[in-house]
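Worksheet: one structure, shown below.
Quick note: the coordinates plus some simple rules give every number you see, no bench work behind them. The model shown is predicted, which means the values in this text are computed figures rather than measured ones. Glycine also receives a Cβ, built like all others from the backbone with ideal geometry; neighbour counts cover every protein chain displayed.
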């Protein structure tokens with residue numbers, strides 16, 4: 001499966017923002033869960049990632065937990081969120 | 001006063017030569033391999049060293065931990081102040097790790113140690129405070145307590161207001177009972193002298209020097225106490 005340019009950009013953003021030592025872009029499967037399983041991110045990472053999306057793309061996430069869960073499910077859903085809502 | 005006995009210790013500092021002492025890690029960056037990478041990424045150098053040392057001294061993660069640092073993580077705190085000054089939102093991860101008990105919190109998650117864990121800052125009297133707290137837990141019936149002291153250089157911005165501090169961390173396992181490999185810690189009043197008010201506050205590197213025999217005493221003017229090893233013991 002090919003990775004889009006935006007997905008690659010998001011991988012780099014995740015690695016840099018969350019200081020994932022020993023993780024490379026190739027280690028992040030766009031379909032795998034980002035949180036708990038798969039990449040294994042935690043709730044602090046979710047907050048940090050939300051902040052990074054706001055800074056980089058101007059996206060403000062609603063405080064609704066269910067929609068955040070869907071947006072943050074995996075890299076593909078995150079890319080779809082950025083695609084749809086970015087203002088910069 | 002009840003005697004304290006040193007059971008074992010570990011130290012980390014890149015500012016000394018280990019000279020074959022396997023208890024002392026002198027690498028620039030502590031391995032931090034005792035804890036999973038996803039937790040390790042959040043630790044600074046002192047935090048990595050502390051987690052490694054604690055897990056070496058207490059593999060079963062069963063003992064009470066007393067963790068002292070005079071300055072804590074000044075770098076993260078200062079970065080947050082800069083962010084606030086710029087009107088930027090605070091980084092949640094940076095905030096979570098700037099608190100004084102962050103390192104032992106990460107250690108607790110990684111090791112599964114659910115015993116009492118205490119974070120101490122005492123304006124230069126950290127060693128005295130650690131000894132007092134250790135005595136308390138041991139008097140309450142603990143067989144051993146883990147005592148940790150770590151500091152890193154304060155950020156340049158604060159350097160004029162704080163004593164020069166070299167990166168070092170040290171962890172000791174203490175108990176009340178003498179054994180084959182223990183050393184007795186002599187704890188006594190520091191006689192008041194004209195120069196004692198000028199004594200620099202003991203830092204983690206001083207404790208390492210004392211453990212390796214490079215320094216005979218730890219003297220703390222703020223608590224009016226001094227510590228030395230029972231005479232005639234060899235340095236470990």
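With just the Cα atoms of the stretch B:1-154, tell me how far they stretch along each of the three principal axes, in Å, largest first.
If we take the Cα atoms of the stretch B:1-154, the spans are 53, 35, 30 Å.
Just rank B:131, B:38, fewest to most, by other beta-carbon atoms within 10 angstrom.
B:38, B:131
What average count of beta carbons from other chains do you get within 10 Å of the Cβ of residues in B:89-96?
Mean inter-chain Cβ contacts per residue within 10 Å come to 5.
Normalised by the number of residues in the stretch B:127-192, what is the relative contact order in percent for Cα pairs under 8 Å and 6+ residues apart?
31
Work out, step by step, the length gained on full extension between residue B:28 and residue B:143: first 0.36 nm times the residue separation, then minus their alpha carbon distance; give nm to one decimal.
Extra length from residue B:28 to residue B:143 when fully extended: 38.0 nm.
With a 10 Å cut-off between alpha carbons and a GNM built on chain B, which of B:118, B:152, B:203 moves the most?
Fluctuation is largest for B:118.
I need the per residue convex hull volume for the protein assembly as shown, using only the alpha carbons, in cubic angstrom as a whole number.
Each residue corresponds to 162 Å³ of Cα convex hull volume.
Roughly what would the spin-label model give for residue A:85 and residue A:16, points 7 Å off Cα along C-beta, in nm?
Roughly 2.1 nm, to one decimal.
Just need the relative contact order of chain B here, percent rounded to a whole number, with Cα pairs under 8 Å and 6+ apart.
Averaging sequence separation for qualifying contacts and normalising by length gives 26 percent for chain B.
What residue among B:219, B:183, B:115 shows peak mean-square fluctuation when chain B is described by a Gaussian network model with Cα springs under 10 Å?
B:115
Provide, in order from the shortest bin, the percent of all Cα-Cα pairs of the stretch A:5-85 in each 5 Å bin, continuing until the bin that contains the maximum pair distance.
It works out to 3, 15, 31, 31, 16, 4, 0, in whole percents.
Write down the percent of antiparallel bridges among all DSSP beta bridges whose residues are both part of the protein assembly as shown, to the nearest 5.
70
Considering only DSSP beta bridges with both partners in chain B, what is the antiparallel share in %, to the nearest 5?
For chain B, the DSSP antiparallel bridge percentage is about 70.
From the Cα gyration tensor of the stretch B:90-236, with a ≥ b ≥ c the square roots of its eigenvalues, which class applies: rounded if a/c is under 1.5, or else prolate if a/b is larger than b/c, or else oblate?
In terms of gyration-tensor shape, oblate.
Kindly state, to the nearest 0.05, the FRET efficiency for residue B:123 paired with residue B:60, given R0 = 41 Å and r defined as their beta-carbon distance.
Working from the Cβ atoms, E equals 0.75.
Using Cα springs under 10 Å in a Gaussian network model of chain B, which residue among B:66, B:78, B:174 shows the largest mean-square fluctuation?
Of B:66, B:78, B:174, the Gaussian network model singles out B:78 as fluctuating most.
Once every DSSP H run of n ≥ 4 in chain B is given -39500 (n - 2.57) and the sum is divided by its residues, what mean residue ellipticity at 222 nm do you get, rounded to the nearest 500 deg cm²/dmol?
The helix contribution divided over chain B gives -8500 deg cm²/dmol.
Suppose only helical runs count, i.e. DSSP H with n ≥ 4. What mean residue ellipticity at 222 nm does that imply for chain A under -39500 (n - 2.57) per run, divided by all residues and rounded to the nearest 500 deg cm²/dmol?
It lands at -16000 deg cm²/dmol.
Relative contact order for the stretch B:79-165 using alpha-carbon pairs under 8 Å, separation at least 6, rounded to a whole percent?
The value is 13 percent.
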